[in-house]
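**Q** The structure that follows is given in the form of C-alpha cells.
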Amino acid sequence: MKKLTILLSLIATPALAAGDAPFFSLHNTNFTVAIAFLIFVGILLWAKVPARVTGMLDKRAGNIRSELDEARTLREEAKALLASYERKQKDVMEQSDRIVAKAKQEATTAAEQAKVALQETIARRMAAAEDQIAAAEAGAVKEVRERAVSVAVEAAREVLARQMTPERRSSLIDSSIEQVNAKLH
C-alpha cells in the first residue's frame with residue numbers, strides 16, 4: 001500500500017507536465033523536491049515517529065481516563081460527605097428537639113416552685129438552645145456548601161482544562177479583556 005501511494009504521488013506530480021527538463025533529472029526542481037520529501041518521509045519512518053506519536057496519544061488517553069476516574073471518585077466522596085452532613089444535621093435537629101422537650105419539662109417543674117424564676121429560666125434556656133441549633137445548622141450547612149463548591153469547582157476546572165482548546169482559550173481571554181476594558185471605560 002505504501003509503495004502504491006509513493007508511486008501514485010510520483011506519477012501525479014506537476015513535474016511530468018514540465019516540458020523543459022526531463023523528469024528524472026537533478027535539474028528538475030520538482031524531481032529534487034520529491035526525492036527530498038521521500039527521504040524525509042523515509043527518515044521519519046525509520047525513526048519510528050508514527051509509533052512514538054501513537055504511543056504518546058495512547059498515554060494521553062490513559063491519563064484522561066485516570067483523571068475521569070478520579071473525578072468520579074471525588075464526586076462520590078462529595079456525595080458521601082453531603083449525606084454525612086445531612087445525617088449530622090438531622091442528629092442536631094433531634095438533639096435540639098430533646099433540648100426543647102427537656103427545657104419544657106424543667107419549666108413545668110419550676111412553675112410549681114416560683115413563677116418568676118421559671119420565666120427567667122425558660123427564656124435563658126430557649127435562647128441557648130436556639131443559638132446552639134442555629135450555630136450547629138449554620139456550621140453544618142456552611143461546611144457542606146464549602147465542600148460541595150470546592151469539589152464542583154475542582155471537577156469543573158479539570159473538565160474545562162481537558163476540553164479547552166488553545167483557540168477557545170484565546171477567544172475567552174480576548175472576550176474577558178474586552179469586558180474589562182468596557183467596564184473600566
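The values are calculated or read from the model by the stated rules, or taken from the named source; none is laboratory data. Since this is a predicted model, take the numbers as computed values, not measurements. Every residue, glycine as well, gets a Cβ built from its backbone with ideal geometry; the counts of neighbours run over all protein chains shown.
**Q** Scan region 40-54 and give yes if some residue there is at pLDDT 90 or above, closer than 30 Å to Gly139 by Cα, in a helix (DSSP H, G or I) and not basic (Lys, Arg), otherwise no.
**A** No, because not a single residue in region 40-54 is at pLDDT 90 or above, closer than 30 Å to Gly139 by Cα, in a helix (DSSP H, G or I) and not basic (Lys, Arg).
For (1) closer than 29 Å to Ala156 by Cβ; (2) not β-branched (Val, Ile, Thr), each residue gets a yes or a no:
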position	(1), (2)
Ser66	yes, yes
Asp69	yes, yes
Glu76	yes, yes
Lys79	yes, yes
Ala103	no, yes
Glu106	no, yes
Thr109	no, no
Gln113	no, yes
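Let's see how each residue does on (1) assigned to a helix (DSSP H, G or I); (2) outside the structural domain of Val159 (by TED's automatic domain parsing); (3) at pLDDT 90 or above:
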{"position": "Arg60", "(1), (2), (3)": "yes, yes, yes"}
{"position": "Lys79", "(1), (2), (3)": "yes, no, yes"}
{"position": "Thr109", "(1), (2), (3)": "yes, no, no"}
{"position": "Ala117", "(1), (2), (3)": "yes, no, no"}
{"position": "Glu120", "(1), (2), (3)": "yes, no, no"}
{"position": "Glu130", "(1), (2), (3)": "yes, no, no"}
